[in-house]
Amino acid sequence: MNLTIPDLQQKLKSWQGCELAKTANPVLGEGNENAEIMFIGEAPGAKEDELGRPFVGPAGKFLDELLESIGLKREDVYISNVVKYRPPGNRDPLPEEKEQCMPWLMMEIALIKPKVIVPLGRHALAHFFQKLSITEAHGKPQNISEKLTVFPIYHPAAALHNGNLRQSLFDDFSALKKFLEQ
Ligand code: URA
């Protein structure tokens, strides 16, 4: 029997493999299971924890705006996170929390089989390239194989704190659109 994303969502509900499961609700990814593009953020925040869905708070609203700027809707893409639970007070996820949650992200990638993965911010970028800094790598496609390209972009929440990054995010999304059209 082939697993589906709803199967994973169901299984995650009873999983206790991460300390954060004691204090937060599970949030798997969601979106189009046939998507060619997959966006990966850091970890759920307060709104995501409340609703059990990724990127539905302020950063998610901005992500929707960025998607719209290149003619995409949430339903066209798949959106997930490295860590599947909200860290207390939205602190950075710990290395062990990222590691414990990693199998879920790997299973999502295996099911979706995206052609392009967009890590949003440094935590998701480090999942693919430990040594690349987001400041240097953003907006530059990295070929992983014939079938998969990683296209790093700043985390949308970063622009909510630092207005200068806003334009950079729109520029990178525009570069992503050009890349997809190639
Ligand atoms: N920030 C993230 O990295 N992921 C979310 O789902 C929400 C905010």
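The values are calculated or read from the model by the stated rules, or taken from the named source; none is laboratory data. Owing to the predicted nature of the structure, the values given are computational and were not obtained by experimental measurement. When we count neighbours, we look across all protein chains shown, and the Cβ atoms used for this are built from the backbone with ideal geometry, even at glycine. Accessible surface is based on the protein model in full, side chains and every heavy atom, while ligands, DNA and RNA are left aside. Shrake-Rupley method; radii C 1.70, N 1.55, O 1.52, S 1.80 Å.
Given an 8 Å cut-off on Cα distances and at least 6 residues of separation, report the relative contact order of segment 1-107 as a percent.
34
Given contacts defined as C-alpha pairs under 8 Å and at least six residues apart, what's the relative contact order of the chain, whole-number percent?
Once normalised by length, the contact order is 24 percent.
Among the listed pairs LYS61/LYS131; LYS47/LYS140; LYS13/LYS131; LYS98/LYS131; LYS98/LYS140; LYS84/LYS178, which have their C-alpha atoms separated by more than 22 angstrom in this model?
LYS61/LYS131; LYS47/LYS140; LYS13/LYS131; LYS98/LYS140; LYS84/LYS178
If you add up the charges near GLY31, with Lys and Arg at +1 and Asp and Glu at -1, over every other residue whose beta carbon is less than 9 angstrom from its beta carbon, what do you get?
Taking every other residue near GLY31 into account, the sum is -3.
Tell me, what ³J(HN,Hα) does each residue in segment 137-144 have, in order and in whole Hz, if you take phi through Karplus 6.51 cos²θ - 1.76 cosθ + 1.60 with θ = phi - 60° and put x for Gly and Pro?
Taking θ as phi minus 60°, the curve returns 8, 4, x, 10, x, 10, 6, 8 Hz for segment 137-144.
Taking a 1.4 Å probe, which of GLU181, GLU65 shows the most accessible area, and what order do the others take after it?
If we order GLU181, GLU65 from most to least accessible, we get GLU181, GLU65.
Find how much the distance from THR4 to GLU181 grows on full extension, using 0.36 nm per residue of separation minus their present alpha carbon separation; answer in nm with one decimal.
60.9 nm
Output wanted: per-residue J couplings in Hz (rounded whole) for segment 177-182, from phi through Karplus 6.51 cos²θ - 1.76 cosθ + 1.60, θ = phi - 60°, x for Gly and Pro.
Ordered by residue, 3J(HN,Hα) equals 4, 4, 4, 5, 7, 4 Hz.
Given a Förster radius of 22 Å and the C-beta distance between LEU148 and LEU51 as r, what FRET efficiency does 1/(1 + (r/R0)^6) yield to the nearest 0.05?
Result of the calculation: an efficiency of 0.15.
Given the options ILE153, ILE109, ILE117, which has the most mean-square fluctuation in a GNM of the chain, springs set between C-alpha atoms less than 10 angstrom apart?
Highest fluctuation among the options: ILE109.
With both partners inside the chain, how many of the DSSP beta bridges are antiparallel, as a percent to the nearest 5?
25
Rounding to the nearest 20 debye, state how big the charge dipole of segment 55-182 is about its Cα centre with +1 on each Lys and Arg Cβ and -1 on each Asp and Glu Cβ.
40
Quick one: with all protein chains in place, what share of the accessible area of the chain is carbon or sulfur, to the nearest percent (1.4 Å probe)?
That share works out to 50 percent.
Suppose the chain between SER174 and PHE128 were pulled fully straight at 0.36 nm per residue; how much longer would it get relative to their current alpha carbon spacing?
14.3 nm
If each DSSP helix of 4+ residues adds -39,500 (n - 2.57) and the sum is divided by the residues in the chain, what number results at 222 nm, nearest 500 deg cm²/dmol?
Value at 222 nm, helices only: -13000 deg cm²/dmol.
Counting only heavy atoms of protein chains, what accessible area per residue, in Å², does the chain have with a probe of 1.4 Å?
With the other protein chains kept in place, the chain gives 52 Å² per residue.
May I have the convex hull volume per residue, in Å³, for the Cα set of segment 5-181?
Taking only Cα atoms, segment 5-181 has a hull volume of 106 Å³ per residue.
Distance between the C-alpha centers of segment 76-108 and segment 30-74? Whole Å please.
Using only Cα atoms to place each centre, the spacing works out to 14 Å.
Can you pull the accessible area of SER69 for me, 1.4 Å probe, Å² to the nearest 10?
60
Step through the residues of segment 56-70 one at a time and calculate ³J(HN,Hα) from phi using the Karplus curve (6.51 cos²θ - 1.76 cosθ + 1.60, θ = phi - 60°), rounding each to whole Hz and writing x for Gly and Pro.
My calculation for segment 56-70 gives 10, x, x, 5, x, 4, 5, 4, 4, 5, 5, 4, 4, 4, 10 Hz in order.
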